[in-house]
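These notes concern the structure reproduced below.
The values are calculated or read from the model by the stated rules, or taken from the named source; none is laboratory data. These figures come from a predicted structure and were not determined experimentally. Positions of Cβ are backbone-derived with ideal geometry, glycine not excepted, and every protein chain shown enters the neighbour counts.
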Protein chains: 2
Amino acid sequence: YPVPQLDCLSWRLAVETNNLQNWKLVPKECENYVGHYMLGKLQYRRDCEYVAKQAIEYAKGLKLNRDGKDVWVFDVDDTTLSNLPYYARSDVRFGTIALNDTKFIEWLAEGKLPVIPSILGVYKTLLSLGIKPVIITGAPENFRQSRIANLKKAGYSNWLKLVLRGGNNSKSAVEYKSSKRMELVKAGYRIVGNIGDQWTDLIGEIVGARTFKVPNPMYYVG
Amino acid sequence: YPVPQLDCLSWRLAVETNNLQNWKLVPKECENYVGHYMLGKLQYRRDCEYVAKQAIEYAKGLKLNRDGKDVWVFDVDDTTLSNLPYYARSDVRFGTIALNDTKFIEWLAEGKLPVIPSILGVYKTLLSLGIKPVIITGAPENFRQSRIANLKKAGYSNWLKLVLRGGNNSKSAVEYKSSKRMELVKAGYRIVGNIGDQWTDLIGEIVGARTFKVPNPMYYVG
């Protein structure tokens with residue numbers, strides 16, 4: 001091929017397969033590509049819908065005990081709720097510009113993240129099947145009220161637990177989420193599924209009987 | 001979007017992220033898409049090159065003991081060597097037609113699988129760094145000579161071990177590959193990396209310090 005250059009399709013595939021890890025920013029030359037992918041509302045939406053379809057088919061095929069111990073782990077940011085309005089801002093540019101922590105925290109605290117409709121569809125299907133949602137977010141405990149308000153406004157309700165990060169932030173995302181999943185299993189729950197936009201939601205200990213990766217080419221949580 | 005239809009891009013993303021599991025055939029409507037992806041020799045090649053680049057950067061960044069115990073696990077089919085000439089045949093059609101086992105075994109036995117050049121690049125870089133390649137293939141033991149001949153013809157040499165499947169075929173691919181990796185660790189080796197085209201190469205026990213998924217939208221090994 002003509003000029004050697006970063007191929008944004010290859011970059012995104014590497015991100016989505018966890019081949020690329022600990023990356024800080026979307027490459028500048030991929031801003032337009034990622035922007036069109038996310039905001040075009042066609043391919044990203046379809047990709048989310050396809051993940052949701054797989055998750056629903058899998059859940060419907062499960063032989064459940066119906067003893068109230070079957071749970072499904074959901075991540076929040078860019079899994080149940082979308083940060084796309086924030087990442088589309090001119091001072092973020094789809095992750096090509098480093099996040100301003102203060103501004104991002106303001107955005108989260110406002111509790112205006114829109115729903116990702118196909119994931120809400122998974123959530124509601126699981127409830128109807130008797131599988132209990134457990135929501136585990138990397139957001140700290142002081143966001144509890146705004147997260148609850150935001151999740152409810154987006155259509156989520158009747159979760160078994162909503163887990164936020166306690167005071168100890170020294171753990172990596174993998175360690176934090178693994179430890180919370182381990183607590184569930186120790187309490188007698190069976191994690192039949194686990195859905196998140198970050199591989200750090202889906203690897204580590206007791207990942208669940210099946211994991212589902214929601215696309216997110218905008219940032220990496222390590 | 002206009003007509004609800006299977007989106008082949010979403011399908012391929014679901015395959016590459018392990019969201020879709022235990023699938024038997026490439027959907028008929030994706031034959032052209034997969035064919036162009038693979039044979040266009042542009043996107044597939046670039047995607048392989050990008051995986052290889054990540055693996056090489058990771059390997060070069062490792063702090064190695066240089067005690068001869070650092071190993072890297074390679075899969076064979078569609079990782080080190082390519083079955084693309086077989087899958088491009090008119091009686092296979094990029095995996096949209098079920099494999100004829102007899103014919104496929106004949107193809108493997110001929111030992112004419114071409115190299116995947118970017119993965120050979122990873123292999124040679126690892127050797128130069130003092131990381132020893134361990135090749136673990138799902139092919140049965142009676143293919144040893146043809147596999148050795150094929151790997152050598154393709155440019156691979158100086159591996160530490162070439163592991164083929166013994167008589168017991170009751171294990172799943174995950175169980176088989178996990179058990180072989182476990183034997184390595186019990187023998188004192190450290191698996192610093194693991195590269196394969198199937199998620200069943202990369203999940204299970206002792207997957208290695210880092211895994212790399214080579215694209216393969218043509219078949220699933222369960």
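With the structure loaded, tell me whether A:Leu9 is surrounded by 13 or more Cβ atoms within 10 Å (Cβ to Cβ), away from chain B (no Cβ under 14 Å) and either in a helix (DSSP H, G or I) or not small (Gly, Ala, Ser) (or both) or whether it fails that test. First the steps, then the outcome.
Working: surrounded by 13 or more Cβ atoms within 10 Å (Cβ to Cβ): yes; away from chain B (no Cβ under 14 Å): no; either in a helix (DSSP H, G or I) or not small (Gly, Ala, Ser) (or both): yes.
Answer is no for this residue.
Just checking, which of B:Arg190, B:Arg210, B:Arg144, B:Arg165 is more than 14 Å from chain A (Cβ to nearest Cβ) and in contact (Cβ under 8 Å) with a residue 60 or more places away in the chain? Please lay out each step first, then the result.
Numbers: B:Arg210 fails: more than 14 Å from chain A (Cβ to nearest Cβ); B:Arg144 fails: in contact (Cβ under 8 Å) with a residue 60 or more places away in the chain; B:Arg165 fails: in contact (Cβ under 8 Å) with a residue 60 or more places away in the chain.
Testing whether each residue is more than 14 Å from chain A (Cβ to nearest Cβ) and in contact (Cβ under 8 Å) with a residue 60 or more places away in the chain leaves just B:Arg190.
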Exactly one of A:Lys112, A:Lys103, A:Lys132 is closer than 30 Å to A:His36 by Cα, surrounded by 14 or more Cβ atoms within 10 Å (Cβ to Cβ), charged (D, E, K, R) and over 15 Å from the mean Cα position of the chain (by Cα), and that one is A:Lys112
Within the range B:14-36, residues over 17 Å from A:Glu57 (Cα atoms) and at the interface with another protein chain (Cβ under 10 Å from one of its Cβ atoms) come out as B:Glu16
Log entry, pairs with first residue in the range A:50-61 being in contact (Cβ under 8 Å) with a residue 24 or more places away in the chain and more than 11 Å from chain B (Cβ to nearest Cβ), second being part of a helix (DSSP H, G or I) and of a type in the set (S, T, N, Q), beta carbons closer than 9 Å, six or more apart or on different chains, reads A:Ile56/A:Thr125; A:Ala59/A:Thr125; A:Lys60/A:Thr125
Across the range A:59-75, the tally of residues that are outside any loop (DSSP other than H, G, I, E, B) and under 19 Å from A:Leu120 (Cβ atoms) stands at 6
Taking the range A:39-49 and keeping only residues that are within 12 Å of chain B (Cβ to nearest Cβ) and part of a helix (DSSP H, G or I), one is left with A:Gln43, A:Tyr44, A:Arg45, A:Arg46, A:Asp47, A:Cys48, A:Glu49
Contact list, first residue from the range A:194-206 and more than 11 Å from A:Val174 (Cβ to Cβ), second anywhere and surrounded by fewer than 23 Cβ atoms within 10 Å (Cβ to Cβ), beta-carbon distance below 7 Å, six or more apart or interchain, is A:Asn194/A:Val207; A:Asn194/A:Gly208; A:Asn194/A:Thr211; A:Ile206/A:Ser178; A:Ile206/A:Met182; A:Ile206/A:Val185; A:Ile206/A:Ile191
When (1) of a type in the set (Ser, Thr, Tyr); (2) surrounded by fewer than 18 Cβ atoms within 10 Å (Cβ to Cβ); (3) in contact with a Ser or Thr (Cβ under 9 Å, 6 or more places away or on another chain) are applied to B:Thr125, the one that fails is (3)
How many residues of the range B:79-111 are of a type outside the set (Val, Ile, Thr) and free of Cβ contacts under 8 Å to residues at least 40 places away in the same chain? The answer is 15
Looking across the range B:84-103 at residues that are assigned to a loop (DSSP other than H, G, I, E, B) and charged (D, E, K, R), the single one that is nearest to B:Val214 (Cα to Cα) is B:Arg89
If I filter the range A:24-38 for residues that are of a type in the set (A, V, I, L, M), modelled with pLDDT of 95 or more, assigned to a loop (DSSP other than H, G, I, E, B) and surrounded by fewer than 18 Cβ atoms within 10 Å (Cβ to Cβ), do I get at least one hit?
yes
